[in-house]
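These notes concern the structure reproduced below.
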Amino acid sequence: MSAPTTPASHPGGGRDQGDDGPVGARAMVLRQSDYWLTRFRRTWRGSVIGSFLEPVLYLLAMGVLLGQYVDDAGSASIGPSYLDFVAPGMMAAASMQLATSETTWPVMGAVKWDRTYYGMLATPLRVRDIVAGHLTFVVLRLGFTAAVFALVVGIFGVFSSVPGALGAWLAAVLTGIAFAFPVYGYAAGARSEQSFALIYRIGVIPMFLFSGAFFPVENLPAPLEVVARVLPLWHGVELCRGAALGGLDLLPAVGHVAYLAALAGAGGWWAVRRLTGRLVV
């Protein structure tokens with residue numbers, strides 16, 4: 001089955017409606033809301049259970065039980081307690097994992113298996129509208145899941161203040177966005193789901209373990225510490241932890257936000273370019 005061609009004057013697909021610009025792009029995203037709301041209604045129950053249970057189990061095992069041993073050995077160098085140190089880092093890491101899972105197999109499915117994107121492209125939607133609609137749904141999922149995670153962290157009494165909790169939530173969402181956009185671009189051009197193993201084996205898992213979520217990166221050998229500080233998850237972890245515990249200085253915060261925002265911007269551009277090359281013939 002060949003990919004459907006479009007009657008578009010837009011090279012990226014979709015008929016020219018004369019509605020380019022911010023308002024037109026927003027209208028095109030809203031036109032997809034029924035599809036994404038229907039999809040969310042069919043999956044939110046499982047998401048709530050997973051979004052609540054996962055942080056509870058992680059915080060109990062890593063923050064409370066393992067934390068007792070760490071605190072007994074002396075945790076003064078990492079904060080008031082190991083739970084306070086590890087909980088914000090896990091919040092950022094959870095956003096990274098959700099963003100990756102939501103922009104790998106679902107994107108490939110929409111291109112290769114159920115071909116949802118081809119159906120969308122036969123309407124006035126353009127490729128960039130399709131990307132924006134899907135990524136908007138991912139951002140909402142990130143916001144919802146990070147809010148549930150923040151609620152659990154708040155129950156454990158980690159946040160120093162309500163503004164700190166809000167800042168940590170925003171930092172977790174930004175961390176997820178910084179991963180979602182470039183991973184979407186990778187998935188849009190991938191020919192086989194087997195290539196996703198590379199993302200997890202050389203990206204997600206190493207970053208999860210060595211980006212400062214569970215121990216200070218200063219404990220790594222000097223060359224590996226430099227590598228860890230370049231990784232995007234380290235910036236998300238530092239941003240989340242600083243906001244949650246109230247020790248975030250302005251200049252480092254601006255640097256972390258700029259790094260993650262730049263990664264998201266470049267990833268968004270790449271996502272549109274890769275999906276255009278994949279769908280438009």
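With θ taken as phi - 60° and the Karplus curve 6.51 cos²θ - 1.76 cosθ + 1.60 applied, the whole-hertz 3J(HN,Hα) list for the range 210-215 is 10, 9, x, 6, 10, 7 Hz, x standing for glycine and proline. Within the set (i) 35, 30, 18; (ii) 41, 33, 17; (iii) 37, 19, 17, the number that semi-axes √(5λ) of the Cα gyration tensor in Å takes when calculated for this structure is listed as (iii). Taking every alpha-carbon pair under 8 Å whose residues sit at least 6 apart, the chain reaches a relative contact order of 27 percent. Mean residue ellipticity, 222 nm, helices only, the chain: the sum of -39500 (n - 2.57) across DSSP H runs of n ≥ 4, divided by residue count and rounded to 500, is -22500 deg cm²/dmol.
Among the trypsin sites (Lys or Arg not before Pro) within the range 165-240, those in coil by DSSP and having at most 13 neighbouring Cβ atoms inside 10 Å are ARG191. Length gained on full extension, ALA147 to VAL227, computed as 0.36 nm times the residue gap minus the Cα-Cα distance: 25.8 nm. Taking each residue as 0.36 nm, the span from ARG191 to TRP105 lengthens on full extension beyond its C-alpha to C-alpha distance by 29.8 nm. Our coupling estimate for the range 130-147, obtained by passing each phi through the Karplus curve with A = 6.51, B = -1.76, C = 1.60 and θ = phi - 60°, is 4, 4, 5, x, 5, 5, 4, 4, 5, 5, 5, 4, 4, x, 5, 5, 5, 5 Hz, Gly and Pro reported as x. With viscosity 1.002 mPa s and temperature 20 °C, the Kirkwood radius over alpha carbon pairs of the range 182-281 converts through Stokes-Einstein to a diffusion coefficient of 140 µm²/s. Using 1/(1 + (r/R0)^6) with R0 = 35 angstrom and r between the beta carbons of VAL48 and ALA266, what's the FRET efficiency to the nearest 0.05? FRET efficiency, VAL48 to ALA266: 0.60. Once label points are set 7 Å from the Cα along Cα→Cβ at both ILE155 and ASP71, what is their separation, rounded to one decimal in nm? Inter-label distance under the simple model: 1.8 nm.
We did not get these values from a lab; they are worked out from the coordinates using the rules stated. Computed from a predicted structure; not experimentally measured. With ideal geometry, Cβ positions are generated from the backbone for all residues, glycine too; neighbour counts draw on all protein chains shown.
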